[in-house]
Amino acid sequence: MHNHLELLCDFSELNWVFNESQSIDSFFEKLVDMVAEHMQTTVCSLYLYDEDHRELQLQATHGLKEDAAGSIRMQEGEGLTGKALSEKRSIVSGKASNHPAYKFFGGVNEELYESFMAVPILRGINKIGVIVLQREEGKPFSKAEVVVTQTIASQLANIIENARLLVDVNRSGFADVERPNVSLALVRGKSASDGLVKGSVVVLRRYQDLTEYLSEMPIDVLTLNDFHSCIKETASQLESIQVEVEEQLSDVASLIFSAHLLMLKDSSLISKIETLIAEGNSPAKAIVEAANYYIGRFSKVKDHYIREKADDVRDLAIRLLRNLSSQKDDLCKLRDKIVIADQLLPSDILKLSHEKILGIVLVSGGVTSHVALLARSLGIPLVIADESRLLDISGDSFVLLDATIGNVYVNPDQAVLEIFTKKQQQEVALADLELEGVTTTSDGERLYLYCNINLLSDLKVANRYKAEGVGLYRSEIPFLVRSDFPSEEEQFLVYKRLAAGMPGKPLVFRTLDIGGDKVLSYYHHEKEENPFMGMRSIRFSLLHRDIFARQLRAVLRACAKSDLRVMFPMVSSLEEFLEARRVLFDCQQELEADGKDFCRAPKIGIMVEIPSVVDIIESLALEADFFSIGTNDLIQYLLAVDRTNEKVASFYIPHHPAVLRTLNRIMKSAEKHDVSVSVCGDMASREIYLPFLLGIGVRNLSVDPVYLPRMKKACAGIDLQQAEKVAQKILALSSIKAIEKELL
């Protein structure tokens, strides 16, 4: 048999194969030919499952009669093939006709091949189909071949689903629907915030030329008085929106429209517009000319924060023009739309949320974690798609946004819509499940599912899904969207609401974690060639002790009556942890002297995310009260892979043996010293890694609230003793591909 790695390598090319296929038939024919060749088997047949009729249909075959495809149908549970799908397990027989479940189909020469293997193709709980391999009697399938075929089937699940949708889209006629002005049907991107939505689109270009808006303006009838009325109306409008957003998102939304309001009060800007109107220009043209003047000035400045002001000028100018032309209903016409944009800032996400958009497709640009976190917390599906042509599709295009896997479907036909709608219904059903407060494995082992909190609005979802506490509060989010460092009192009010939102439950507060891809626009520092390894996280806090102490005092005060656990990020040495802890102790002494009420005995821990701490984990375990494993950065630093760089994304492998052995080592040391451990990175929210994590002793997981139902359900389906066996088997493996087979 050919080398299994060669087979897996060939399957990595399947996306190209079905992209080039003109029909679903030709794609599936190539697929069964490829599998048959690699597996050195006489027959390879692919059956697809029709959920509506609960039956399997032979879609393509290599080795049976050519006209067999399409002619064989069987009910779920019928024959060996139907039984494999119904029971969701592989069925192997050396002499198929002797099996009690065997069913004979005449006229296709199947009786010539007694050695039989059927492997179900599943995607989560969804049934996709069955792959069947057959040979002559006396050539049985080995256990190794079964494992390889199961691996193939798991890969095929997603590929077949995408291929089926893609070909359905390509087959469709659009006689009754205006096509977009670019030939896009399916664009694959990267999921940044889960969700399934459908609707028409609005394309937003951050650098759109303001003169484009002049064509919509009633140029000849507007006066200086109209401009003054427009200013008053715009100011009132912004103030109302600010109040509304503040009530919804007070932890991060503080004065996000302040720049716009201040510009309306700027006499130099207003005077320039008034002068241009007095010279005979229409108010609309005067606004555009003045705005472009300031945009040009700001754009030339080296300081990043000042350059961003050009965006504020542009946004304000658009709002003024809209109000001037009486287009007051939904100023940017975004409500119930899917937004396609070339670049977005955290404040943009907040504004779009206020406009009640359905979802976002962000074209090119970096995958910034804080933008994704905000989108998740606000419940906005977000896909990152490196396809600039999306910015050119027509505004009346209809789009399906599958942000669970990162696909964007443009103007799909009815068949695709039906499949998508079913998937939406399944997601809604899962989200609506009444969840128990206690999480256990199938054999009764107690687990603890905590939530990651990005915005205070996350608390509502976390409590609905009965999170057992806050496993990670990302305190940097309120810093990221402000125009200056928040004061102690501002932070105190936010943290107090956080504590009140999860009373009586553990609250893990991670101190300021900025740097890398989380940049404060108002903090002026020298450009770093490698910011992920630069002045970030605890290094920044210890360098700026006034800012650090301000935050620590605020959280100690706000959580005076809470089960508070303070966690320092990116600790790289014992000395660093002890120094940070000393600052916290100093803050407690100051609060005592000031007569303030504060938390007197918080647990103090570290986020394990730098490889250097693994070798000193025993020493840290003697000092720290708890560990929280941040798998995102730990993987990044262990494998030397920038996780925001799409060019090296394929090297970011959570199941790399070095990563898994490192996690096991941390767990063993923590267990030895009775230090509690939780996992709070992306690995914690991916079901595929759950058996391994539980198998090495992890009992505490912290995930974004939207993932709580999925992970609670996954935990309930795991037998702990079996998980421990799987973990030990995986830890003995040194090959990534071998580990993949075990995980799948």
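Looking at the range 97-110, is at least one residue assigned to a strand (DSSP E or B), surrounded by 15 or more Cβ atoms within 10 Å (Cβ to Cβ), under 44 Å from the mean Cα position of the chain (by Cα) and assigned by TED's automatic domain parsing to the domain that holds ALA153? No: the range 97-110 contains no residue that is assigned to a strand (DSSP E or B), surrounded by 15 or more Cβ atoms within 10 Å (Cβ to Cβ), under 44 Å from the mean Cα position of the chain (by Cα) and assigned by TED's automatic domain parsing to the domain that holds ALA153. Per the listing LEU48, LEU64, LEU7, the residue uniquely closer than 17 Å to ALA157 by Cβ, at pLDDT 85 or above and either in the same structural domain as PHE116 (by TED's automatic domain parsing) or within 33 Å of the chain's Cα centre (by Cα) (or both) is LEU48.
Each row is one residue, and each column tells you yes or no for (1) surrounded by fewer than 22 Cβ atoms within 10 Å (Cβ to Cβ); (2) of a type in the set (S, T, N, Q); (3) at pLDDT below 80; (4) closer than 27 Å to GLN237 by Cα.
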{"position": "LYS351", "(1), (2), (3), (4)": "yes, no, yes, yes"}
{"position": "HIS354", "(1), (2), (3), (4)": "yes, no, yes, yes"}
{"position": "ILE357", "(1), (2), (3), (4)": "no, no, no, yes"}
{"position": "VAL361", "(1), (2), (3), (4)": "no, no, no, no"}
{"position": "VAL371", "(1), (2), (3), (4)": "no, no, yes, yes"}
{"position": "ALA375", "(1), (2), (3), (4)": "no, no, no, yes"}
{"position": "ASP386", "(1), (2), (3), (4)": "yes, no, yes, no"}
{"position": "LEU391", "(1), (2), (3), (4)": "yes, no, no, no"}
{"position": "SER394", "(1), (2), (3), (4)": "yes, yes, yes, no"}
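Within the range 624-632, is there a residue that is more than 18 Å from the chain's Cα centre (by Cα) and among the charged types (D, E, K, R)? Break it down stepwise before answering.
Going residue by residue through the range 624-632, those that are more than 18 Å from the chain's Cα centre (by Cα) are 624-629.
Of the ones still in play, those that are also among the charged types (D, E, K, R) are 625.
Yes, because at least one residue in the range 624-632 is more than 18 Å from the chain's Cα centre (by Cα) and among the charged types (D, E, K, R).
Can you tell me which residue within the range 173-205, out of those that are under 15 Å from LEU391 (Cα atoms) and loosely packed, with under 14 Cβ neighbours inside 10 Å, is modelled with the highest pLDDT? Among them, the one singled out is ARG205.
Checking each residue in the range 245-276 for being modelled with pLDDT of 65 or more, β-branched (Val, Ile, Thr) and closer than 18 Å to ASP315 by Cβ picks out VAL245, ILE270, ILE273. For ALA732, the criteria (1) within 28 Å of ASP194 (Cα to Cα); (2) out of contact with any helix residue (DSSP H, G or I) (no Cβ under 9 Å at 6 or more places or on another chain); (3) at pLDDT 95 or above hold in every case but one, which is (1).
Have a look at LEU85, LEU56 and point out the one that is closer than 22 Å to LEU122 by Cβ and not in a helix (DSSP H, G or I).
On the way: LEU85 fails: not in a helix (DSSP H, G or I).
Criteria check complete, one pass: LEU56.
When VAL416 is tested against (1) modelled with pLDDT under 75; (2) part of a helix (DSSP H, G or I); (3) within 20 Å of LEU344 (Cα to Cα); (4) over 13 Å from the mean Cα position of the chain (by Cα), exactly one condition is not met: (3).
Restricting attention to the range 30-82, which residues are among the polar types (S, T, N, Q) and surrounded by fewer than 16 Cβ atoms within 10 Å (Cβ to Cβ)? Spell out the reasoning first.
Residues of the range 30-82 among the polar types (S, T, N, Q): 40-42, 45, 57, 59, 61, 71, 75, 81.
Once the filter is applied, which keeps residues that are among the polar types (S, T, N, Q) and surrounded by fewer than 16 Cβ atoms within 10 Å (Cβ to Cβ), the range 30-82 yields GLN40, SER71, GLN75.
Taken over the range 431-462, the criterion of being at pLDDT below 90, out of contact with any strand residue (DSSP E or B) (no Cβ under 6 Å at 6 or more places or on another chain) and not aliphatic (A, V, I, L, M) is satisfied by ASP432, GLU434, GLU436, GLY437, SER457, ASP458, LYS460. Restricting attention to the range 554-580, the residues that are outside any loop (DSSP other than H, G, I, E, B), basic (Lys, Arg), closer than 20 Å to GLU468 by Cα and touching a helix residue (DSSP H, G or I) at 6+ places or on another chain (Cβ under 9 Å) add up to 0. So how many residues does the range 389-406 have that are more than 14 Å from SER193 (Cβ to Cβ) and either among the hydrophobic types (A, V, I, L, M, F, W, C) or not in a helix (DSSP H, G or I) (or both)? Residues flagged as more than 14 Å from SER193 (Cβ to Cβ) and either among the hydrophobic types (A, V, I, L, M, F, W, C) or not in a helix (DSSP H, G or I) (or both) within the range 389-406 amount to 10.
If I ask for residues that are part of a strand (DSSP E or B) and surrounded by fewer than 22 Cβ atoms within 10 Å (Cβ to Cβ), which ones from the range 491-512 would you list? Please lay out each step first, then the result.
Here is the first cut: in the range 491-512, the residues part of a strand (DSSP E or B) are 506-510.
PRO506, the sole residue that qualifies.
Scanning the range 286-339 for residues that are charged (D, E, K, R), surrounded by fewer than 19 Cβ atoms within 10 Å (Cβ to Cβ) and at pLDDT 75 or above, we see that the one that is nearest to HIS228 (Cα to Cα) is GLU289. Contact map, the range 100-121: first residue without any contact (Cβ under 8 Å) to a residue 40 or more places away in the chain and within 18 Å of ALA68 (Cβ to Cβ), second residue among the polar types (S, T, N, Q) and part of a helix (DSSP H, G or I), Cβ cut-off under 6 Å, separation 6 or more or different chains; pairs are ALA118/THR81.
Could we say that GLU592 is over 32 Å from the mean Cα position of the chain (by Cα), surrounded by fewer than 19 Cβ atoms within 10 Å (Cβ to Cβ) and without any contact (Cβ under 8 Å) to a residue 12 or more places away in the chain here? When the stated conditions are applied, GLU592 passes them. When residues in the range 59-82 are screened for being of a type in the set (A, V, I, L, M, F, W, C), touching an Asp or Glu at 6+ places or on another chain (Cβ under 7 Å) and either without any contact (Cβ under 8 Å) to a residue 12 or more places away in the chain or not in a loop (DSSP other than H, G, I, E, B) (or both), 2 of them pass.
The values are calculated or read from the model by the stated rules, or taken from the named source; none is laboratory data. The model shown is predicted, which means the values in this text are computed figures rather than measured ones. Quick reminder, even Gly has a Cβ in these numbers, built from the backbone with ideal geometry, and neighbours come from all protein chains shown.
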